[in-house]
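Step one of this worksheet: look at the structure below.
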Amino acid sequence: MKSVADYDAATLPPIPAGFEDVSHPIDACPSHFHPARNLSLYVDFADPAEREFPELPRFHLFRDDPETGARTDFISSDDWTDVLAVLMGELFADLFCEDMSPGVIATVRERNASPRYAGSICATHDFCDANQVMADAFAQTMGRDLIMGDDEPGQQDDFRLWGKAWDHAKTHRLSDQVAA
């Protein structure tokens, strides 16, 4: 069985800021922890044949509740962009909730579950410049600002990532359809 000691660092994607490498040489794959957010990220070998469990996806992102020990699995995927979108959505929701009262957060969740806010409309905009909060989450996740210039290389990829992050935050963290 391969371990972190065998891992080709050149195949590791750029790990977002705030994550610390907490890998141990005998671990099956590299692991990273974001202490401020209680997020854990595992990045397995690029070649499934080298993984301890070849049938599982390469990337895993989850959060452990420090009080209860309950684990929330956010995503397991072979697509790094999907992992970044979930991470960015989680950071957006964290940043929004840090600055809002419990009453505002409850109102946002209630509104987001209503027909008026169906689709991509999010009630966070009713209480702050939510685009700025998402821009902060984007910068923290990607280590750079969103590409904004018309027809700039990568702009459409950034917009897709932004939209997926928003969908994750609204659907999984900021709606009455999920646990608070």
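Rule-based calculations on the coordinates, nothing more; no lab input. Keep in mind that what you see is a predicted model, and the values were worked out from it rather than measured. With ideal geometry, Cβ positions are generated from the backbone for all residues, glycine too; neighbour counts draw on all protein chains shown.
What 222 nm value per residue comes from the helices of the chain, counting each DSSP H run with n ≥ 4 as -39,500 (n - 2.57) and dividing by all residues, nearest 500 deg cm²/dmol? Please list the in-between numbers first.
Numbers: 4 runs with 62 residues, N = 180.
When only DSSP H runs of four or more count, the value is -11500 deg cm²/dmol.
Select from the chain the helices, each a whole stretch of DSSP H, whose alpha-carbon atoms run 20 Å or more along the helix axis and whose Kyte-Doolittle mean is at least -0.5; answer none if there are none.
On the way: long enough: 80-99 (29 Å, 0.89); 155-172 (25 Å, -1.61).
Flagged H segments are 80-99.
Just to confirm my numbers, what's the Cα centroid distance between segment 128-147 and segment 2-69 in Å?
Spelled out, the Cα-based centre of one part sits 24 Å from the other.
What are the residues whose amide H is under 5 Å from the amide H of ARG173, where those residues sit 5 or more places off or on another chain and H is modelled from the backbone?
The list, which skips near neighbours in sequence, is empty: none.
So what's the net charge close to LEU146: Lys and Arg +1, Asp and Glu -1, counting the other residues with Cβ under 11 Å from its Cβ? Working shown, then result.
Working: positive: ARG144; negative: ASP136, ASP145, GLU152, ASP157, ASP158.
Net charge in that neighbourhood comes out at -4.
Sort 54-63, 71-80 for me by packing, meaning the mean count of neighbouring Cβ atoms within 10 Å per residue, highest on top. If you can, show how the numbers build up before the last one.
Details: 54-63: 16.4, 71-80: 14.2.
The densest-packed peptide leads the list: 54-63, 71-80.
Relative contact order, percent, of segment 24-180 when contacts are C-alpha pairs under 8 Å separated by at least 6 residues? Present the calculation step by step, with values, prior to reporting the outcome.
Values: 208 pairs, mean separation 31.0, N = 157.
Relative contact order, segment 24-180: 20 percent.
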